[in-house]
Amino acid sequence: MGAAVTGMGVLCAIGNDTGQVLDALRNGRSGIGRMRHLQSSHTELPVGEVSLSDDELKTLLGISTDSVVSRTTLLGAVAVRQALQDAGLTPEGLKGRRVALLSGTTVGGMDVTERLFPLMRTDDKALTYVRRHDCGSCTEEIARLSGLDGCEVCTVSTACSAAVNAIIVGCEMLANGEADVVIAGGTEALSRFHLNGFNTLMILDHDVCRPFDKSRAGLNLGEGAAFVVLEKGGGDGRAQAFVGGYGNRCDAFHQTASSDDGEGAFLAMTEALRSAGLQPSDIQYVNAHGTGTPNNDASESAALRRVFGDGMPAVSSTKGLTGHTTSASGAIETVISILAMRHGFVPGNAGWREKDAECVTPSMGMSGVRIDNVMCNSFGFGGNDSSIVLCREPHGSSGTQQPRHAEAVVTADVTIDSVEQLKDCRDFIPPMEARRMGKLMKAATMTALAALRQGGVETPDAIITATAYGMLETSERFLTDMCDNGEELLKPTLFMQSTHNTVGSAIAIRTRCHGYNITYTQGRDSMSRAMSDARRLIATGKARTVLVECHDEATPLFRSFCERLGVEAPREVYSRSVLLAPPRPSPGGGSEYQ
């Protein structure tokens with residue numbers, strides 16, 4: 001029996017709760033328009049903003065409007081509270097049960113950081129906020145604001161697939177007896193860093209986006225949050241839907257572009273169907289990733305055609321209504337998919353007018369239809385592709401106890417913790433390529449390839465990354481340039497390398513690993529989260545070789561911040577790569593460590 005969805009909470013451009021979102025979907029009402037809350041010079045770019053201001057969100061949460069809290073956190077906390085209320089659960093009623101909060105985010109507290117960054121260099125009071133900038137701190141604060149103090153928190157940061165990956169991990173935790181109740185989803189607020197980064201890649205449309213349309217010219221950024229409550233079995237009769245199956249695979253093609261044949265998307269959808277125990281013909285609706293960029297929509301269409309052939313179900317993208325909410329999109333669209341299934345309609349693909357031979361022809365909306373199984377796609381930078389199957393009735397094995405196989409053992413362990421060690425990179429990286437690499441990417445590549453070489457593995461089955469701050473040097477350079485020189489002439493290469501999953505996807509591309517790929521960011525607990533996931537994969541027979549990486553770096557500016565705050569600064573560069581595998585059977589019938 002699949003994991004039961006017993007509660008849902010959502011805020012996005014088309015509504016501040018499930019009722020408002022349902023009404024907007026049924027009436028095809030878009031929330032994309034001019035900026036109201038984001039203070040950017042690029043007012044020509046349409047966005048999908050949540051209608052509530054920060055002060056209104058704080059009032060909803062019962063906190064002072066003078067408090068400094070990121071919009072990412074505020075949106076997430078409101079959605080979590082909604083989900084718990086919808087499930088009929090309270091923080092007090094959850095005491096004594098093992099509760100986990102899993103959130104997907106990339107922006108984290110960037111909206112506050114970019115506002116205070118010019119002051120942080122000299123003002124110690126402003127600098128104190130840097131403690132709450134990172135993605136993991138946002139999840140911890142969401143837990144506190146939701147009354148879930150003491151619950152297990154975990155943050156996934158795989159760009160635009162992060163929220164679906166958080167739901168996938170939550171289902172795995174339930175299935176393996178690691179939690180009794182999981183609240184999983186994602187949250188993302190618009191920020192100038194975010195907007196300008198996508199703008200440098202020249203993939204933002206100056207009009208309302210048109211997914212799958214021949215004239216499509218890019219995406220519109222949005223913001224929002226959504227979380228679902230997951231419980232074992234039928235949730236005591238409170239189930240609104242079931243997570244039947246899921247798949248996470250890597251395209252292993254390019255840092256920001258998708259392959260022509262959509263290999264990663266194809267593998268993710270295929271695995272989601274397999275784990276749900278369903279055939280392609282069992283799916284009545286696909287909520288597509290459908291961003292509106294020429295590359296994404298053509299690539300996803302190629303993958304959909306490979307999966308469904310001539311039996312294509314109804315397909316639509318709802319990003320023409322909400323905008324692309326990046327790390328939160330998978331959770332928002334999971335809620336949308338469940339609403340469509342429960343209320344018997346297919347949301348229309350807003351903005352579509354003209355057929356493109358490269359793309360599937362999307363649905364413009366249907367009502368009065370029975371939907372038993374929905375597939376929801378969520379694809380991120382670095383080719384991190386995830387699909388989830390949502391069912392009216394339980395299917396597959398997600399949420400049920402999984403068979404246990406051999407426990408994992410470490411077969412290789414390599415660490416770099418000083419810049420001097422990077423001089424040996426010629427053994428792994430050609431000199432011309434090494435010149436273009438930052439310290440952290442160079443160190444991570446060296447340790448990953450050395451660990452694989454030690455373990456006698458060319459391509460691992462899965463790659464799991466742990467990091468507290470991600471690609472700090474490139475992120476800081478982009479932020480500094482934007483704050484000091486304005487929102488023009490920013491460098492796209494810096495933004496491309498700023499996401500937390502940059503390293504994990506780069507290693508996947510280098511090793512041609514199309515397997516499971518995820519990045520955890522939870523401060524000092526990041527590596528333990530990654531190792532737990534790796535051991536779970538091996539113990540349940542889902543992978544035989546898993547490369548686990550832990551990497552972080554510190555710039556001179558960040559080290560000076562840490563010194564002023566009186567906290568320990570990370571090393572200038574640190575990278576550790578561990579290869580895990582099941583024990584190898586020995587000739588005597590037992591097992592031996594490799």
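The values are calculated or read from the model by the stated rules, or taken from the named source; none is laboratory data. Fair warning: this is a prediction, and the values are worked out from it, not measured in the lab. Don't worry about glycine lacking a Cβ; one is built from the backbone with ideal geometry, like all the others, and counts go over all protein chains shown. Surface areas here come from the heavy atoms of the whole protein model, side chains and all, with no ligands, DNA or RNA. Shrake-Rupley method; radii C 1.70, N 1.55, O 1.52, S 1.80 Å.
Amide H contacts for Gly245 (H built 1.01 Å from N in the peptide plane; partners 5 or more residues away or on another chain; cut-off under 5 Å): Val389.
Could you tell me which of rounded, prolate or oblate describes the stretch 289-391, using a ≥ b ≥ c as the square roots of the eigenvalues of the alpha-carbon gyration tensor, with rounded for a/c under 1.5 and, failing that, prolate when a/b is larger than b/c and oblate otherwise? Rounded shape, in that the Cα axes give a/c under 1.5.
For the chain, a crude dipole built from +1 on the beta carbon of Lys and Arg and -1 on the beta carbon of Asp and Glu, taken about the Cα centre, is about 580 debye to the nearest 20. Each Lys and Arg Cβ is given +1 and each Asp and Glu Cβ -1; about its Cα centre, the stretch 525-574 then shows a dipole of about 360 debye. Which net charge results for the neighbourhood of Glu487, defined as the other residues with beta-carbon distances under 10 angstrom from its beta-carbon, given Lys and Arg at +1 and Asp and Glu at -1? Charge balance in the 10 Å sphere: -1. Ordering 448-454, 87-93, 115-121, 49-55 by mean Cβ neighbour count within 10 Å, with the highest value first, yields 448-454, 49-55, 115-121, 87-93. State the percentage of accessible surface on the stretch 5-57 attributable to carbon and sulfur atoms; use a 1.4 Å probe and exclude ligands, DNA and RNA. C and S atoms contribute 42 percent here.
Here the chain carries DSSP beta bridges of which approximately 65% are antiparallel, counting only pairs with both residues inside.
Each Lys or Arg adds one and each Asp or Glu takes one away; over the other residues whose Cβ falls under 13 Å from the Cβ of Cys138, this sums to -1.
Summed over the residues of the chain and divided among them, the accessible surface reaches 36 Å² per residue at a probe radius of 1.4 Å.
As a rough guide to protection, the peptides 239-247, 418-426 ranked by mean Cβ packing within 10 Å, highest first, stand as 239-247, 418-426. Take the Cα of Gln421, step 7 Å toward its Cβ, do the same at Arg353, and the gap between the two points is 5.7 nm. Please work out whether the stretch 8-152 counts as rounded, prolate or oblate from its C-alpha gyration tensor, where a ≥ b ≥ c are the square roots of the eigenvalues and a/c under 1.5 means rounded, while otherwise a/b larger than b/c means prolate and anything else oblate? It is oblate, given that a/c is not under 1.5 and a/b is not larger than b/c.
Close amide H partners of Met8, meaning residues 5 or more places away or on another chain with modelled amide H under 5 Å apart, are Asp86, Ala87, Val229. Given the alternatives (1) 33.2, 111; (2) 22.4, 71; (3) 25.4, 78, Rg and Dmax of the Cα atoms in Å as computed for this entry is given by (2). The stretch between Ser560 and Thr59 holds 176.8 nm of extra length on full extension. This uses 0.36 nm per residue minus the Cα-Cα distance. Close amide-amide hydrogen proximity is noted between Thr106 and Ser327, each under 5 Å apart and 5 or more residues distant or on a separate chain (H modeled in the peptide plane; Pro and chain starts excluded). A Förster distance of 41 Å, applied to the separation of the beta-carbon atoms of Arg144 and Ala257, puts the FRET efficiency at 0.60. Averaging the Cα positions of each part gives two centres, and for the stretch 505-534 and the stretch 139-212 these lie 16 Å apart. In this structure, Leu119 and Glu458 have a Cβ-Cβ separation that, at R0 = 56 Å, corresponds to a calculated FRET efficiency of about 0.70. In order along the stretch 218-224, the Karplus-derived 3J(HN,Hα) couplings, from 6.51 cos²θ - 1.76 cosθ + 1.60 at θ = phi - 60°, round to x, 10, 10, 6, x, 9, x Hz, and Gly and Pro are given as x.
Neighbours of Gly523, meaning other residues whose beta-carbon lies under 13 angstrom from its beta-carbon, give a summed charge of -2 when Lys and Arg score +1 and Asp and Glu score -1.
With the simple spin-label model, which puts each label point 7 Å out from Cα in the Cβ direction, the Asp23 to Ser528 separation comes to 4.6 nm. Annotation: lysines with alpha-carbon distance below 19 angstrom to Lys214 (same-chain offsets under eight excluded): Lys319, Lys355.
For the stretch 409-461, a/c is not less than 1.5, where a ≥ b ≥ c are the root eigenvalues of the C-alpha gyration tensor, and a/b tops b/c. That puts it in the prolate class.
Computed 3J(HN,Hα) for the stretch 486-498, one whole-Hz value per residue from the Karplus formula 6.51 cos²θ - 1.76 cosθ + 1.60 where θ = phi - 60°, is x, 9, 10, 6, 7, 8, x, 5, 5, 5, 4, 9, 9, glycine and proline marked x. Peptides 164-175, 201-212 ranked from most to least packed give 164-175, 201-212, packing being the mean of other C-beta atoms within 10 angstrom over each peptide's residues. Residues in the stretch 457-462 carry Karplus couplings, in order, of 10, 8, 10, x, 6, 8 Hz; the curve used is 6.51 cos²θ - 1.76 cosθ + 1.60 with θ = phi - 60°, and Gly or Pro positions show x.
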